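The values are calculated or read from the model by the stated rules, or taken from the named source; none is laboratory data. All values reported here derive from a predicted model rather than from experimental measurement. Neighbour counts run over all protein chains shown; Cβ positions are idealised from the backbone, glycine included. Surface areas here come from the heavy atoms of the whole protein model, side chains and all, with no ligands, DNA or RNA. Shrake-Rupley method; radii C 1.70, N 1.55, O 1.52, S 1.80 Å.
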Amino acid sequence: VVLVLALSGAAVAAFAQTSQESRLVQRRAAHLRHGINLSEWFAQVYDQKGYTKEHFETWTTAQDIALIKTMAFDHVRLSVNPQPMFRRKQADSIPEDYLGYLDAAVKMILDQGLAVIIDIHPDSDFKEKLANDNEFVEQFADFWRALARHYSSWNADLVFFEVLNEPEFGDRYRWEGVQSKLAVAIREGAPAQTIIIAGANWSGDSELLFIEPLRDPNIIYNFHFYEPHVFTHQGANWSTNFVHYLKDLPYPSSPENVQQAAALVPDAVNRLQVIRYGMDRWSMTRIDDEISQIAAWGKRWNVSLTCNEFGVYRKAALPKDRAAWISDVRTTLEKNGIGWTMWDYSGGFAVAVKQAGRAVPDELTVRALGRTMPAPQPQK
């Protein structure tokens, strides 16, 4: 009887602790409701100068962070490429100068009252090693443990750790094992911080459905949403090849209104992809049907969700249709209680376009996101 009572008491205590941590995650997730991605600052730097002190100090400034706050965003997702500070066989020895640049950026964000997701965002060759090399996984765990320990004393309510941006793992089962190991390493370095994880294959929404939650309750589950890809990436030259032909592809779609854009694709097989986009009649209803599946998964497991990438490439999309898609996705996420982080601040999907080094908010995009246009600045 004593043993049974002791076991029952332990079970009750474990349940109470899990419930308490679940409430903690929900409270912290409330800081990640309306966010923007800071790209091309500590990741995606492809110019010849690369990752330099000058770049870190000039690409995104205190004025940019203040503008983000003024537009009523509550957090940013800071993309960080680990490769410039990753020492093979000494991955837990992170260069102090690089950490200093990163610390200054994180502090600048926190000083504006914004939360920050430290998003480890390497290039594809790094992710390919994780998918194929067990020893490299061990080294990446060393890196994460050290980085997490470095930030473990920072405000855990406002500093979040994202394990890996868009894993490129064809094997979902391998990614489950790798991600679990990395999450344990992070937790060893930072017992209190909330971790953000995602499914395999580019963090797709359907990939999240494959996951069973980790035993660690202090986790937020993330997915990216760019559906339908043919619309959101039209004109892009790094994506599926045929989409670089496309422009002015409309949203919402119908079999009739896609014909003009479909005619721009020279081969019949890929042209059919555009025609199918029309036949699928993508609209807010179709988006809601998709995202509601993710919301149902979150409710089933009683976990917090976030969508920390969505957006439409600006180059070739009709501005009003781009804004309509953004508004529909944002509204649907909010209806389902899912926080969001749009891609991105001033890159190819931007909410603010840089002109002569100065960021100018795009009103259509700001309004589509339900955010606030800054008051006009007086002319000097």
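Note on exposure: Met284, Met279, Met373 ranked by accessible area (1.4 Å probe, complete protein assembly) read Met279, Met284, Met373, with the most exposed listed first. Summarising the amide proton neighbourhood of His34: residues at separation of 5 or more, or on other chains, whose placed amide H is nearer than 5 Å comprise Asp74, His75, Trp340.
Converting phi to 3J(HN,Hα) with the Karplus coefficients 6.51, -1.76 and 1.60 and the offset θ = phi - 60°, the range 268-278 yields 5, 5, 6, 4, 4, 4, 6, 4, 5, 4, x Hz in sequence order, with x at every glycine or proline. Protein-only accessible surface at a 1.4 angstrom probe places the residues Glu334, Glu128 in the order Glu128, Glu334, largest first. Taking the longest Cα principal axis of the chain as reference, the axis of helix 319-335 is set at about 30 degrees. The alpha carbons of the range 235-281 occupy a box of 26, 19, 16 Å along the principal axes, longest dimension given first.
With contacts defined as alpha carbon pairs under 8 Å and 6 or more residues apart, what's the relative contact order of the chain in percent?
Numbers: 650 pairs, mean separation 63.3, N = 380.
In percent, rounded to a whole number, it is 17.
Per residue of the chain, what 222 nm ellipticity follows from adding -39500 (n - 2.57) for every DSSP H run with n ≥ 4, rounded to the nearest 500?
Result for the chain, helices only: -14000 deg cm²/dmol.
Listed by chain and number, the lysines placed with their C-alpha closer than 26 angstrom to that of Lys335 are Lys69, Lys299, Lys320; residues fewer than eight positions away on the same chain are left out. Centre-to-centre, using Cα atoms only, the range 110-166 and the range 351-369 are separated by 29 Å.
Out of the total accessible area of the range 305-380 (probe 1.4 Å, heavy atoms of protein only), what percent is carbon and sulfur? Intermediate results must be reported in sequence, preceding the final value.
Numbers: 1720 of 3280 Å².
Whole-percent figure for carbon plus sulfur exposure: 52.
Extending 7 Å from Cα along the Cβ direction at Asn155 and again at His229 yields two label points whose distance is 3.8 nm. Helix 96-110 and the longest principal axis of the Cα set of the chain meet at an angle near 70°.
Can you figure out the FRET efficiency of Trp301 with Met373, using R₀ = 51 Å and their beta-carbon distance, to the nearest 0.05?
Values: r = 38 Å, r/R0 = 0.74.
E between Trp301 and Met373, to the nearest 0.05, is 0.85.
Note on the range 215-363: Cα Rg divided by 2.2 N^0.38 Å, N the number of residues, gives 1.13.
Over the range 235-281, Cα pairs under 8 Å with separation of 6+ residues give a relative contact order of 36 percent. Rounded to the nearest 0.05, the FRET efficiency derived from the C-beta distance between Ala104 and Glu21 at R0 = 35 Å is 0.65. Neighbours of Pro374, meaning other residues whose beta-carbon lies under 14 angstrom from its beta-carbon, give a summed charge of +1 when Lys and Arg score +1 and Asp and Glu score -1.
A simple spin-label model places pseudo-atoms 7 Å from Cα toward Cβ; at Arg172 and Arg88 they are separated by 3.3 nm. In summary, the aspartates and glutamates within cross-link reach of Lys89, defined as a Cα separation below 18 angstrom excluding same-chain residues under 8 places away, comprise Asp125, Glu128, Asp133, Glu135, Glu138, Asp142.
In nm, to one decimal, how far is the Leu364 label point from the Ala62 one, both placed 7 Å along Cα→Cβ? Result for the modelled spin labels: 3.5 nm.
Write down the accessible area per residue of the range 236-300 in Å², having rolled a 1.4 Å probe over the full set of protein chains.
On the way: 3680 Å² over 65 residues.
Each residue of the range 236-300 exposes 57 Å² on average to a 1.4 Å probe.
Each residue of the range 28-33 was assigned a 3J(HN,Hα) from its phi angle through the Karplus expression (A = 6.51, B = -1.76, C = 1.60, θ = phi - 60°), giving 5, 4, 5, 7, 10, 8 Hz with x at Gly and Pro.
For Ala192 and Arg286, the FRET efficiency from 1/(1 + (r/R0)^6), where r spans their Cβ atoms and R0 equals 56 Å, is about 0.90. Dividing the Cα radius of gyration of the chain by 2.2 N^0.38 Å, with N the residue count, gives 1.02.
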